[in-house]
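Chemist: Supplied in structure tokens, the structure appears directly below.
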Amino acid sequence: GIEFSDDQEARVAELREKYVPQLTEIQRKRNAIYTAEQRRARRAALQAARDAGKDLREAFQAANAAVQLTDEQQQQLAAVQKEQSELSSAIQTEVRKLLTEEQQAQLRRQGNRNGARRIAPTHADVKYGPYDRNVMDVWLAEANQPTPVLVSIHGGGFRSGNKSVDPGLLRECLDSGISVVAITYRLSDEAIAPAQFLDSARAIQFIRSNAGEWNLDPSRIAATGGSAGAGLSLWLGFHDDLADPDNDDPVLRQSTRLTCMAVYNGQTSYDPRFIRDLFPGTDTYKHTALAQLYDVDLGKLDNLPAEKYRLFEEVSPLTHLSRDDPPALLIYASQMDTRITNPGIGIHHPRFGEVLQEKMDDLGIECRVETGVGRGDERFVQLVMPFLKEHLQ
């Protein structure tokens, strides 16, 4: 929510280019220390601690205590933590140098306001499927009639993140009679694509299967999310209905279709070939999150097995766009002319939204693209709420 000057924006871009590769490498080192079972146990403990209201330090202490590390792992972790602490300190020092006194005061006010607005879910950690991360939190709006629903899908490059929803958006939805659901899904270190997409589809089906019990209107379901969560939302919105009327599982008999999508920093295709063409001369298509999502070497993009190309297309929202699809609002932090200096900027660039808007305009479907809205900017909620009300109410 801080308005940076052009000079500050240029310095931030330089800091990203300098530090993002180092942060990514530290995270890779940390993840490599744990076994897959240990990572799952740690994520579960971390979420439980957060749900119990513990602060960040206490939550991480609880998460680490839940994992039985060997002596060798403990030594490796200590070394990585020291490296991360030193790097974080360096980054914080450089960022503070960018902020004016007024900007620092604004940031403190926003932090206090967000902390005070936390609303406990009506139903927490509801299981919607067979996997550990098939869980959701549910906030039910007070109403005499069945309410519409906004489903929040977290980002994190398909390899991190947990169920969450913007605090301001949550409050505005509940005050407007819109219930909210936040979901998790399997990460790419546990299962490659399309697991994340199918998990999200099942979450929509599970919500519909509980519509009567939760006083929800199954015909009015929207989705939102940032980055990977945005891509998942768009994929659900454009994909043909995955309902299987003859399935033995009653959840899978439900529809996966959406009423609308309002997303942030979203990708409209996860096909590295499309991304390479969209951002020529950059390494955006080689983003490490995509390589992990598909378990491929993107340095060999033109020499992969045919099934990988089919998978690229299957999980890309643009592949499934058709004339009967719902409207979409796409919001981005960058501007259309933002220069791509690293894959992190490219993978969240509004050019993704521009291409989608062109195709949806041709089909006569409403598609809005807004740019220059930073993370935490109050304009995000101000843009999303009228759109949701228009299409859900």
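Chemist: Show me, bin by bin at 10 Å from 0, the whole-percent P(r) of region 138-240 based on Cα pairs.
Modeler: P(r) for region 138-240, in whole percents per bin: 16, 48, 30, 6, 0.
Chemist: Within the chain, count lysine pairs with alpha carbon atoms under 14 angstrom apart where the residues are 8 or more positions apart or belong to different chains. Before the final figure, lay out each step's value.
Modeler: Details: K29/K82; K127/K163; K286/K300; K300/K308.
Value for the chain: 4.
Chemist: Report, in order of residue number, the helices in the chain meeting two criteria: a C-alpha extent of 27 Å or more along the helix axis, and a mean Kyte-Doolittle hydropathy of at least -0.5; treat each whole DSSP H run as one helix. All intermediate terms of the calculation are to be shown ahead of the outcome.
Modeler: Numbers: long enough: 6-33 (40 Å, -1.21); 71-98 (41 Å, -0.99).
Long hydrophobic helices here: none detected.
Chemist: Compute the length gained on full extension between T70 and D7: take 0.36 nm times their separation in residues and subtract their Cα-Cα distance, giving the result in nm to one decimal.
Modeler: Details: separation 63, 0.36 × 63 = 22.68 nm, distance 4.77 nm.
Gain on extension, T70 to D7, equals 17.9 nm.
Chemist: Something else about it: Taking just the alpha-carbon atoms of the chain, what radius of gyration and Dmax come out, in angstrom?
Modeler: Cα-based Rg and Dmax for the chain come out at 20.9, 63 Å.
Chemist: I would also like to ask the following. Hey, quick one: spin label on S89, modelled 7 Å out along Cα-Cβ, who in region 12-50 has an amide N within reach, i.e. under 15 Å?
Modeler: None, by backbone N distance to the label point.
Chemist: In square angstrom, rounded to the nearest 10, how much accessible surface does F274 have for a 1.4 Å probe?
Modeler: Probe radius 1.4 Å; accessible area of F274 about 60 Å².
Chemist: Once fully extended, how much extra length lies between R379 and A143, figured as 0.36 nm per residue of separation less the alpha-carbon to alpha-carbon distance? Write out the running numbers ahead of the final one.
Modeler: Working: separation 236, 0.36 × 236 = 84.96 nm, distance 2.70 nm.
The span from R379 to A143 would gain 82.3 nm if fully extended.
Chemist: Given labels modelled 7 Å from the Cα in the Cβ direction, how far is it in nm from T341 to D189?
Modeler: Reported label-point gap for T341 and D189 is 2.9 nm.
Chemist: With all protein chains present and a 1.4 Å probe, how do M136, M336 order by accessible area, largest first? Can you show the working numbers first?
Modeler: Numbers: M136 0, M336 70 Å².
So the residues, ranked largest to smallest area, are M336, M136.
Chemist: Determine how many Å³ per residue the convex hull of the Cα atoms of region 242-373 encloses. Write out the running numbers ahead of the final one.
Modeler: Values: hull volume 18.1 nm³, N = 132.
Convex hull volume per residue, Cα atoms: 137 Å³.
Chemist: Provide the percentage of antiparallel DSSP beta bridges, counting only those with both residues in region 82-222; round to the nearest 5. Please report the intermediate quantities before stating the final value.
Modeler: Working: 7 of 15 bridges.
Expressed as a percentage, antiparallel bridges in region 82-222 total about 45.
Chemist: With r as the distance between the Cβ atoms of D297 and A44 and R0 = 41 Å, compute the FRET efficiency 1/(1 + (r/R0)^6) and round to 0.05.
Modeler: 0.85
Chemist: What does the helix-only formula give at 222 nm for the chain: each DSSP H stretch with n ≥ 4 adding -39500 (n - 2.57), the total divided by the residues, and the result rounded to the nearest 500 deg cm²/dmol?
Modeler: Details: 15 runs with 191 residues, N = 393.
Computed mean residue ellipticity for the chain: -15500 deg cm²/dmol.
The values are calculated or read from the model by the stated rules, or taken from the named source; none is laboratory data. Remember, predicted model here, so these are calculated numbers, not experimental data. Every residue, glycine among them, receives a Cβ derived from its backbone with ideal geometry; neighbour counts consider all protein chains shown. Ligands, DNA and RNA are excluded from the accessible area calculation, which covers all protein heavy atoms including side chains. Shrake-Rupley method; radii C 1.70, N 1.55, O 1.52, S 1.80 Å.
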